[in-house]
1. Scan the stretch 283-297 and report the pairs whose first residue is closer than 15 Å to T263 by Cα and open to solvent by less than 40 Å² (accessible area, probe 1.4 Å) and whose second residue is outside any helix (DSSP H, G or I) and of a type in the set (G, A, S), with Cβ atoms within less than 7 Å and a gap of 6+ or a chain change.
2. Go through the stretch 437-466 and give me each residue that's at pLDDT 95 or above and touching a Gly at 6+ places or on another chain (Cβ under 7 Å).
3. For the structure I just gave you, tell me whether D434 is among the charged types (D, E, K, R), in contact with a strand residue (DSSP E or B) (Cβ under 6 Å, 6 or more places away or on another chain) and either at pLDDT 95 or above or outside any strand (DSSP E or B) (or both).
4. From the residues in the stretch 83-122 that are assigned to a helix (DSSP H, G or I) and among the charged types (D, E, K, R), which one is most open to solvent (accessible area, probe 1.4 Å)?
5. Name every residue in the stretch 300-350 that is open to solvent by less than 50 Å² (accessible area, probe 1.4 Å) and of a type in the set (D, E, K, R), in order of residue number.
6. Which is under 22 Å from V161 (Cα atoms) and part of a loop (DSSP other than H, G, I, E, B), of D414, D426, D349?
7. For residues in the stretch 189-201 being open to solvent by less than 80 Å² (accessible area, probe 1.4 Å) and either aromatic (F, W, Y) or out of contact with any helix residue (DSSP H, G or I) (no Cβ under 7 Å at 6 or more places or on another chain) (or both), which is nearest to P339 (Cα to Cα)?
Amino acid sequence: MFEKKIYQERRQKLRHLVGNGLIILFGNNDAPCNYPNNGYYPFRQDSSFLYYFGLRREGLVGVIDADNGTETLVGDDIDIDDIVWYGSVDSVSQLAASCGVDNSVPMKQLQVICNDALRQKRTIHFLPPYRHDTKIMLMDLLGIHPMQQKESASLPLIKAVVEMRQCKTAIEVAEIEKACNIAYHMHTHAMRLTKPGLTEKYIGGQVDGMAHSLGEHESFATIFTQHGEIMHGNPSYAILQDGRLALCDAGAENAENYCSDNTRTFPVNGRFTQKQLEIYSIVEACHDYALEVAKPGVPWFDVHMNVCRMMTDKLKELGLMRGDTEEAVRAGAHALFLPHGLGHMMGLDVHDMEGLGQNYVGFDDEIQPSTQFGTNALRCGKRLQEGFVMTDEPGIYFIPALIDDWRSQGLHKDFINYDLVETYKDFGGIRIEDDILITSDGCRFLGQERIPYHPADIEEFMEARL
């Protein structure tokens, strides 16, 4: 938790940006696994609640009156039964004081607060809920059915939160760097361990263990798979095979819940084949191009599209694509190989703030999301600003079902050499991902140490493990 002055200043700015009405920020509750007392799922506080209050205890709600400036922390103190099992914790009033909030009330008072605001016909601002218990609470408090809550969420509050959270301050960058340092150990540990005969599940478990040992936990469910063509290929019990590529997409949350997100693709046996190197070098070039051009004022959409053009040119050199590059990219033919966006914003969420609505977080009045397959998965397109933290993650994938589907329809046959693509259907996929900070004149890597990603560096690193 940062010093309470930071949270006080954040809430003051939020009140100013929203302007009027009652702001309600819901913290999260515990989420038991398969019966009430099995707390298998680790507690994770709502990110916006964390940003404005910094408190990690479950069952809390923050209320900010934008008209008179009063702030109230709502929650119930734990009883003796909980103390027996979990130990003593600070009272709600003590928690409120720790983040600079003067008032605290028990949870039953939240209904009274909302009833008073409704009776006075005041605007009640809330963010789009994503947990079912919060949706039920909102229905009880405000009478809004869960199916209508997303559209009823406050646009002024959404825009205010995005404006405040999108540019990271120096103390936030320092926390993200700590998460990136943990990710370095996660990924290099995977490289050291990986070899034929082990299971994906074993390596994935070791990666997760590193995140839990050095930080809070993973920032998302770890991806470790020989089938890199599957975007979210969680570890299976499959045995790692000699000659295959392993893709590890993993990140950490540090003690302050700031996130990292990196991907590395490397040979199971430690040595790339020539065919693997040819595809890898394209992804590597696209990754490095983004580092060269990303800076304030540049639309991330343009960086993404230029990466698609570069990728198409280089796939043409291998004979996998053909025709005019500009026409091919305009038609979306490149998305057979890159069906996702170049990267996303990152902070307290690994896909920062995306639950608030992609149109408000990654796009704006100038640049709107595309509806074209592949490009429609670009999470952010707006102009970069100093303080943005972005992921740079190009990839090339050979997805058998997608190849068969497009070929059967004759899609983009003027731009795709399907006969040659057929010979890659057992290839898998390659992705390289790093976290970057947009600076005043460009961008820089985040993290003290660079996870090896140049082919020679990967092979040297993996050879040294033996």
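The values are calculated or read from the model by the stated rules, or taken from the named source; none is laboratory data. As the structure is a computational prediction, the values presented were derived from the model and not from experiment. Note that each Cβ is placed from the backbone with ideal geometry, even for glycine, and that neighbours are counted across all protein chains shown. Side chains included, ligands, DNA and RNA excluded: accessible areas come from the protein's heavy atoms. Shrake-Rupley method; radii C 1.70, N 1.55, O 1.52, S 1.80 Å.
1. Going by the 7 Å Cβ cut-off, the qualifying pairs are V283/G395.
2. I438, E459, M462
3. In short, yes.
4. Initial filter on the stretch 83-122 (assigned to a helix (DSSP H, G or I)): 83-86, 92-98, 109-119.
Remaining after also requiring among the charged types (D, E, K, R): 116, 119.
On the way: D116: 55, R119: 162 Å².
The residue in question is R119.
5. D349, the sole residue that qualifies.
6. Values: D414 fails: under 22 Å from V161 (Cα atoms); D426 fails: under 22 Å from V161 (Cα atoms).
Just one listed residue meets the conditions, D349.
7. That would be E200.
Residue-wise test of (1) touching a Phe, Trp or Tyr at 6+ places or on another chain (Cβ under 9 Å); (2) closer than 15 Å to A66 by Cα.
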site: Q120; (1), (2): no, yes
site: I124; (1), (2): no, yes
site: M137; (1), (2): yes, no
site: G143; (1), (2): no, no
site: Q148; (1), (2): no, no
site: P156; (1), (2): no, yes
